[in-house]
Amino acid sequence: MTNGTTLTVKANKQETEECNSVFITDLTTLRLPTVFPEADKIIRSVQQNRGSFFLNLAGLNPAIAPRDELVSVLTALRKTPEIVTGNESELAYLMGTHDRDRIVREAFPDTRLLLLTLADQGSVLRFEDEILPLPAYPVAPDRVLDETGAGDTYAGIMLGSLYTEPYARWSRSHVLLACNTAAFGAALAVQTLRTRLTDGEMEQVRQFHSSQQRPT
């Protein structure tokens, strides 16, 4: 289940019964009075079906909503998100501090996977209380054409890579592979004026993912 624009996805009955649901939303939308009640119902359904709740903090700033309103929305949720992503300014605003170490340690303490993105500085990952810095995939400055959509590309590829394994079987190496693959995809995105990768570029992402996997 998703909240937002997506390509049409088809699944047969067996595939639907075998997979757990993933509810994807952003806090900017979730805070809206017309959205929250329905989203809360979906989140509870996800919880009952052992699914996952992915929360993106995209767009958070004082012009969107007062900080206390955002905190109130999060407090009212009946389920802690399993995955949270946000950039430094978004998490700093929500947490009320610019102390990066504190943000990574204390933001969403019950969330299994927290990702703080830092643009060309890479990102910081907290997975099951372990904190890991992740480098950005290098792109020469003269190759960067447009950063629009890079964050969404990163999040989408990360989720797609993560869910190649059941949630219960995620490991440190699996999460690192997903994030590194997402960084590669985002690097491709900033080198184009398009907001969505082409089929050919997605094939490059799949090949990168396969090349980084280690035999078990």
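Spelling out what I want: for every residue of region 36-49, take phi, set θ = phi - 60°, compute 6.51 cos²θ - 1.76 cosθ + 1.60 (Karplus), and round to whole Hz; glycine and proline get x.
4, x, 5, 4, 4, 5, 5, 4, 5, 5, 4, 4, 5, 9
Would you kindly derive the ³J(HN,Hα) couplings of region 163-171 from the backbone phi angles with the Karplus curve 6.51 cos²θ - 1.76 cosθ + 1.60 (θ = phi - 60°), listing them in order in whole Hz, with x for Gly and Pro?
For region 163-171, the Karplus-derived couplings read 8, 6, 10, x, 3, 5, 9, 4, 10 Hz, x marking Gly and Pro.
Once ligands and nucleic acids are excluded and a 1.4 Å probe is used, how much of MET95 is accessible, expressed in Å² to the nearest 10?
MET95 exposes around 40 Å² with every protein chain in place.
Keeping every protein chain in place, order LEU177, LEU70 by accessible area at 1.4 Å, biggest value first, i.e. largest first. Could the numbers behind the result be given before it?
Working: LEU177 25, LEU70 0 Å².
If we order LEU177, LEU70 from most to least accessible, we get LEU177, LEU70.
I'd like to check one number: the per residue accessible area of the chain, probe 1.4 Å, reported in Å² as a whole number.
Per-residue value: 57 Å².
Ignoring everything but the protein chains, give the 1.4 Å probe accessible area of PHE127 in square angstrom, nearest 10.
The value for PHE127 is about 10 Å².
How about region 100-136: which GluC sites (Glu not before Pro) there lie in a loop by DSSP and see at most 14 other Cβ atoms within 10 Å? Spell out each step's value before the answer.
Numbers: sites: GLU106, GLU128, GLU130; in loops: GLU128.
Answer in residue order: GLU128.
Ordering HIS174, HIS98 by accessible area with a probe of 1.4 Å, largest first, what comes out? Write down the numbers at each step before the final one.
Numbers: HIS174 25, HIS98 160 Å².
Solvent-accessible surface, decreasing: HIS98, HIS174.
Starting at the first residue of region 81-86, write each ³J(HN,Hα) from the Karplus equation 6.51 cos²θ - 1.76 cosθ + 1.60 with θ = phi - 60°, in whole Hz, x for Gly and Pro.
x, 6, 10, 10, 10, x
Could you give the distance between the Cα centres of region 163-185 and region 47-112, to the whole Å?
Region 163-185 and region 47-112 have Cα centres spaced 21 Å from each other.
Between the DSSP loop rule and a limit of at most 15 other Cβ atoms within 10 Å, which chymotrypsin sites (Phe, Trp or Tyr not before Pro) in region 135-213 are left?
Hits after loop and neighbour filter: TYR163.
The values are calculated or read from the model by the stated rules, or taken from the named source; none is laboratory data. Quick caveat, the model's predicted, so the values are computed rather than measured. Glycine gets a Cβ as well: all are built from the backbone with ideal geometry, and neighbour counts include every protein chain shown. Side chains included, ligands, DNA and RNA excluded: accessible areas come from the protein's heavy atoms. Shrake-Rupley method; radii C 1.70, N 1.55, O 1.52, S 1.80 Å.
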